[in-house]
Amino acid sequence: MKRLYFLFALACFLLFPAAALAQAPQLHVTAEAEVRVPPDRAAITFGLFEKTDNLRQGAERLNTASSQILQYLRTRGVEERFIQADNLQILPVYTAPAANRPEKLQYEISQTFTVTLEDPSQYEDVLYALLERGVNRITNVSFYSTQLRRYRDQARTQAIRAACEKARLMAEAAEVKLGKLTDLREADASAFWSPRWASNVSQNVLVPEASASEESAPATGMISVRAAVELTYKIK
C-alpha cells in the first residue's frame, strides 16, 4: 500500500509541473498589412463574333478582321509574345421550323484574343481602337504587377512590425512583460480582411510614391497586396 501511495505521489509531482508548463501564460496576437501598388501590366481579353448563313464567307470576314486587329497591335509596338490567340470556334445552330418556314442552319463563328500591354495607361486607347476595328466582345480587362513577390514581402514585413507593436502595447496595458517569442507563422490574409475591419487596419497600409508619369496617367486603380501573421509570446 505504501508503495502504491509513493507511486501516486511521484506521478503527481511529475505531471503537475508539466501541466503548468503546458498552460504557461501566453500572449497570442495577429496583425495584417496591405500594400497598394500601381499595376505595370494591363491585359485585355476580347473577341470577334460572327453569325452567318454562309460558313466560308463568315470565316473569311472574321479572318480579315483578325488580321487588321493584329496588324494594329503590331503597329502600336506590342510584341508577339504579348498577343495570344485562342482556337477558332465554329458552332452550327439550327433554327426550329415554324409554319411556312423550314428548318434553317446557321453558324456562329468566334475567336478570342488576349493582349498584354506593358504600359497600363494605354489600355483605354487600345480598347477603343479594338472596338472601332470590329471587335464586338470584351471579355475582361485586368491589371497586375510583375513585382508581386517584392510587394508581398513588403506586406509581410509591415504585418510583422504591426504584430510586434500590438503585442508590446497589449503587454504594457495588462502590466505584464513579454517573454520569448515562441511561435511566428503566416496567416490567411483574406480571413482577416473585410469591409467591417477596414477602418481598423488602415494604419498598416503602405502606398509607394508614384512617379510623375504615373500621376498624370489615366486612373487604372491600385493593386492590393495583403499579408497576415500570427505571433505567440511567453508572458513573464
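FYI, it's all coordinate maths here, none of it is from the lab. Note that this is a predicted model, so its numbers are computed, not measured. Reconstructed Cβ throughout: ideal geometry from the backbone, glycine too, with neighbour counts over all protein chains shown.
The table that follows gives values for the structure above.
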quantity: Within straight-line cross-link reach of Lys166, lysines at Cα separation under 21 Å, skipping those fewer than 8 residues along the same chain; calculated: Lys177, Lys180, Lys234, Lys236
quantity: Counted charge near Asp125, where neighbours are those whose Cβ lies closer than 13 Å (Asp, Glu -1; Lys, Arg +1); calculated: -1
quantity: Partners for Lys104 among lysines (Cα-Cα distance below 21 Å; same-chain residues under 8 apart left out); calculated: Lys51
quantity: Environment charge of Arg226, counting only residues whose C-beta is closer than 13 Å and scoring Lys/Arg +1, Asp/Glu -1; calculated: -2
quantity: Surrounding net charge for Gln89, when Lys and Arg each add one and Asp and Glu each subtract one, Cβ distance under 14 Å; calculated: -1
quantity: Cβ-Cβ FRET estimate between Gln84 and Lys180, R0 fixed at 45 Å, reported to 0.05; calculated: 0.30
quantity: Percent of Cα-Cα distances greater than 18 Å, calculated over the range 41-144; calculated: 51 percent
